[in-house]
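Have a look at the structure below before the remarks.
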């Protein structure tokens, strides 16, 4: 097959070399965007008088036919035509004949592929933002159901202080809110048109870049043609943002996996998002959460891969940049599906409120409450800390807990301790009383939920 760029060559690549150099196996995913870019480009060529109106109409009709065939999966692409651009140009030639060759006037595959990626990522980012928004909404609703659900808060995976489970969920709401804002900023940096930059230096034809930008829904133009064809910052930013998002999802999944174990039994993941064992009949495995945790590694790898590709590239276009797409496609699939799974998992998850509460009754997560109690009675906090630490040690040695210590024993330790100490040692009291801004107190959690719902409405 004669290649569209073969004029300068006397020999041909062997098939295995063509296979190595071709990108059609993955960049066919941008076929829709490539046709949209071509429709905008041909409209501009006709408007500017670079081709005749009749030629423009013929090309437009041919592209529309290809668009319809694409919608019905009736287009066949070949490795011999290398990439999505040459494949579609060859198919257009089959549709309308030699006039198809005029479509590429004042355009290079360099600005063409850049335009395709900007269009693809704009659409993808819009979807990702929508999916993050849905997850944030689910988290707020689940938090509202669990304002008064008490659970152990952890540091170093050790019981630290009792907290509201709603408060815990809202911490993830905040993470995903930041993720959404990052994606929204990424969308602004992607909303730039490189079309018309041609190979690297612009073109001698009297084109109208603003027309194609408006036609394709771009808000801005690249100001420099070299930058337009060589910039992949918007993809790197996306892969970076996606890696942070996946890290947040993975942290959450790690907790869900722990909470659903026999040892914790804090939550039960619904059957929809669980699987069984081929040998152990009793098993209910949190496979979907584990898969999200695992897919995080793919997102990280795709980011590092593109950073590595870009680190030594001189301006402007280099064939290395063919390696900028597969990671973008792979990460997009991973994060969109992960967000959908996580939303469904959280929405249908059963919270074992009684089990969570009991986990705060036979532990020492109320030790800080006792230290604060002593500090409020005038004992310096460091001294109070030491007193409580010694009491905890005694309890461990004797096999009981702070709330089990008789009042007489407490008063031997310090005369400031009164009968009200037992109320202070209650997990519910401990959570309720932590009313500092952003704290786990019930009123603070309610305030966080109210603020979150306003944010979601806006």
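The values are calculated or read from the model by the stated rules, or taken from the named source; none is laboratory data. Keep in mind it's a predicted model, so treat the numbers as computed, not measured. As a convention, Cβ positions derive from the backbone with ideal geometry for all residues, glycine included, and neighbour counts pool all protein chains shown.
Given the criteria more than 30 Å from residue 149 (Cβ to Cβ), part of a loop (DSSP other than H, G, I, E, B) and in contact (Cβ under 8 Å) with a residue 24 or more places away in the chain, does residue 239 qualify? So that I can check it myself, show each step before the final result.
On the way: more than 30 Å from residue 149 (Cβ to Cβ): yes; part of a loop (DSSP other than H, G, I, E, B): no; in contact (Cβ under 8 Å) with a residue 24 or more places away in the chain: yes.
In short, no.
Would you mind stating whether residue 104 is within 30 Å of residue 329 (Cα to Cα) and touching a residue at least 24 places away in the same chain (Cβ under 8 Å)? Write out each step before concluding.
Values: within 30 Å of residue 329 (Cα to Cα): yes; touching a residue at least 24 places away in the same chain (Cβ under 8 Å): no.
Criteria not met by residue 104.
When both residues are 6+ apart or on different chains and their Cβ atoms are under 7 Å apart, which pairs have a first residue that lies in region 37-62 and is outside the structural domain of residue 116 (by TED's automatic domain parsing), and a second that is modelled with pLDDT under 95 and surrounded by 20 or more Cβ atoms within 10 Å (Cβ to Cβ)?
Between residues of region 37-62 that are outside the structural domain of residue 116 (by TED's automatic domain parsing) and residues that are modelled with pLDDT under 95 and surrounded by 20 or more Cβ atoms within 10 Å (Cβ to Cβ), there is no close pair.
Is there a residue in region 259-269 that is touching a residue at least 40 places away in the same chain (Cβ under 8 Å) and closer than 16 Å to residue 334 by Cα?
No; the residues of region 259-269 include none that is touching a residue at least 40 places away in the same chain (Cβ under 8 Å) and closer than 16 Å to residue 334 by Cα.
Quick check on this structure: which one of 293, 298 is assigned to a helix (DSSP H, G or I), in the same structural domain as residue 334 (by TED's automatic domain parsing) and either closer than 23 Å to residue 259 by Cβ or touching a strand residue (DSSP E or B) at 6+ places or on another chain (Cβ under 9 Å) (or both)? First the steps, then the outcome.
On the way: 298 fails: either closer than 23 Å to residue 259 by Cβ or touching a strand residue (DSSP E or B) at 6+ places or on another chain (Cβ under 9 Å) (or both).
Sole residue among the options that is assigned to a helix (DSSP H, G or I), in the same structural domain as residue 334 (by TED's automatic domain parsing) and either closer than 23 Å to residue 259 by Cβ or touching a strand residue (DSSP E or B) at 6+ places or on another chain (Cβ under 9 Å) (or both): 293.
Would you check if there is a residue in region 379-402 being over 45 Å from the mean Cα position of the chain (by Cα) and under 22 Å from residue 150 (Cβ atoms)?
Yes, that holds for at least one residue.
Residues in region 283-301 that are crowded, with 18+ Cβ neighbours inside 10 Å and closer than 28 Å to residue 265 by Cα: how many?
7
State the number of residues belonging to region 59-80 that are surrounded by 13 or more Cβ atoms within 10 Å (Cβ to Cβ) and within 26 Å of residue 45 (Cα to Cα).
First pass over region 59-80, keeping only residues surrounded by 13 or more Cβ atoms within 10 Å (Cβ to Cβ): 59-60, 62-67, 69-70, 75, 77-80.
After this cut, where a residue has to be within 26 Å of residue 45 (Cα to Cα) as well, the list is 59-60, 62-67, 69-70, 75.
The total comes to 11.
Any idea how many residues of region 205-214 are within 17 Å of residue 229 (Cβ to Cβ) and either assigned to a helix (DSSP H, G or I) or free of Cβ contacts under 8 Å to residues at least 24 places away in the same chain (or both)?
Looking only at region 205-214, we keep the residues that are within 17 Å of residue 229 (Cβ to Cβ), and these are 205, 207, 209, 212-213.
So of that shortlist, the ones also either assigned to a helix (DSSP H, G or I) or free of Cβ contacts under 8 Å to residues at least 24 places away in the same chain (or both) come out as 209, 212-213.
The total comes to 3.
Looking only at residues in region 433-458 that are touching a strand residue (DSSP E or B) at 6+ places or on another chain (Cβ under 9 Å) and assigned to a helix (DSSP H, G or I), which one is surrounded by the most Cβ atoms within 10 Å (Cβ to Cβ)?
Selected residue: 445.
Let's see how each residue does on (1) closer than 22 Å to residue 165 by Cβ; (2) touching a strand residue (DSSP E or B) at 6+ places or on another chain (Cβ under 9 Å); (3) surrounded by fewer than 19 Cβ atoms within 10 Å (Cβ to Cβ):
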position: 256; (1), (2), (3): yes, yes, no
position: 270; (1), (2), (3): yes, yes, yes
position: 281; (1), (2), (3): no, no, yes
position: 303; (1), (2), (3): no, no, no
position: 306; (1), (2), (3): no, no, no
position: 323; (1), (2), (3): no, no, yes
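Which one of the conditions (1) in a helix (DSSP H, G or I); (2) farther than 29 Å from residue 356 by Cα; (3) modelled with pLDDT of 95 or more does residue 313 fail to meet, given that it meets all the rest?
Among (1) in a helix (DSSP H, G or I); (2) farther than 29 Å from residue 356 by Cα; (3) modelled with pLDDT of 95 or more, the lone unmet condition for residue 313 is (1).
In region 176-204, what count of residues is obtained for those that are in contact with a helix residue (DSSP H, G or I) (Cβ under 9 Å, 6 or more places away or on another chain) and in a helix (DSSP H, G or I)?
13
Answer yes or no: is there a residue in region 179-187 that is at pLDDT 95 or above, in the same structural domain as residue 134 (by TED's automatic domain parsing), buried (at least 22 other Cβ atoms within 10 Å of the Cβ) and over 15 Å from residue 335 (Cβ atoms). Talk me through it step by step, then tell me what you get.
Step one: of region 179-187, the residues at pLDDT 95 or above are 179-187.
The next check asks that each one be in the same structural domain as residue 134 (by TED's automatic domain parsing); those that pass are 179-187.
Checking the rest, the ones that are also buried (at least 22 other Cβ atoms within 10 Å of the Cβ) come to 179, 183, 186.
Right, trim to over 15 Å from residue 335 (Cβ atoms) and you get none.
No, region 179-187 contains no residue that is at pLDDT 95 or above, in the same structural domain as residue 134 (by TED's automatic domain parsing), buried (at least 22 other Cβ atoms within 10 Å of the Cβ) and over 15 Å from residue 335 (Cβ atoms).
Please indicate, with yes or no, whether at least one residue in region 247-261 is part of a loop (DSSP other than H, G, I, E, B), more than 22 Å from the chain's Cα centre (by Cα) and either more than 24 Å from residue 108 (Cβ to Cβ) or in the same structural domain as residue 145 (by TED's automatic domain parsing) (or both). Working first, answer last.
If we filter region 247-261 for residues that are part of a loop (DSSP other than H, G, I, E, B), which is where we start, we get 260-261.
This time we only want the ones that are more than 22 Å from the chain's Cα centre (by Cα), so: 260-261.
From what is left, the residues that are either more than 24 Å from residue 108 (Cβ to Cβ) or in the same structural domain as residue 145 (by TED's automatic domain parsing) (or both) are 260-261.
So far as region 247-261 goes, yes, one or more of its residues are part of a loop (DSSP other than H, G, I, E, B), more than 22 Å from the chain's Cα centre (by Cα) and either more than 24 Å from residue 108 (Cβ to Cβ) or in the same structural domain as residue 145 (by TED's automatic domain parsing) (or both).
Suppose the filter is in contact with a helix residue (DSSP H, G or I) (Cβ under 7 Å, 6 or more places away or on another chain), closer than 19 Å to residue 233 by Cβ and in the same structural domain as residue 128 (by TED's automatic domain parsing); does residue 342 pass it?
Numbers: in contact with a helix residue (DSSP H, G or I) (Cβ under 7 Å, 6 or more places away or on another chain): yes; closer than 19 Å to residue 233 by Cβ: no; in the same structural domain as residue 128 (by TED's automatic domain parsing): yes.
No, not satisfied.
Does residue 276 count as in contact with a helix residue (DSSP H, G or I) (Cβ under 9 Å, 6 or more places away or on another chain) and more than 18 Å from residue 139 (Cβ to Cβ)? Even if it seems obvious, please write down each step before you answer.
Numbers: in contact with a helix residue (DSSP H, G or I) (Cβ under 9 Å, 6 or more places away or on another chain): no; more than 18 Å from residue 139 (Cβ to Cβ): yes.
Against the criterion (in contact with a helix residue (DSSP H, G or I) (Cβ under 9 Å, 6 or more places away or on another chain) and more than 18 Å from residue 139 (Cβ to Cβ)), residue 276 does not qualify.
Looking at region 222-245, which of the residues that are farther than 26 Å from residue 299 by Cβ and in contact with a strand residue (DSSP E or B) (Cβ under 9 Å, 6 or more places away or on another chain) is surrounded by the fewest Cβ atoms within 10 Å (Cβ to Cβ)?
Out of the qualifying residues, it is 222.
For region 143-158, check the following and say yes or no: at least one residue is buried (at least 22 other Cβ atoms within 10 Å of the Cβ), in a helix (DSSP H, G or I) and either in the same structural domain as residue 227 (by TED's automatic domain parsing) or on the phi > 0 side of the Ramachandran plot (or both).
Yes: one or more hits.
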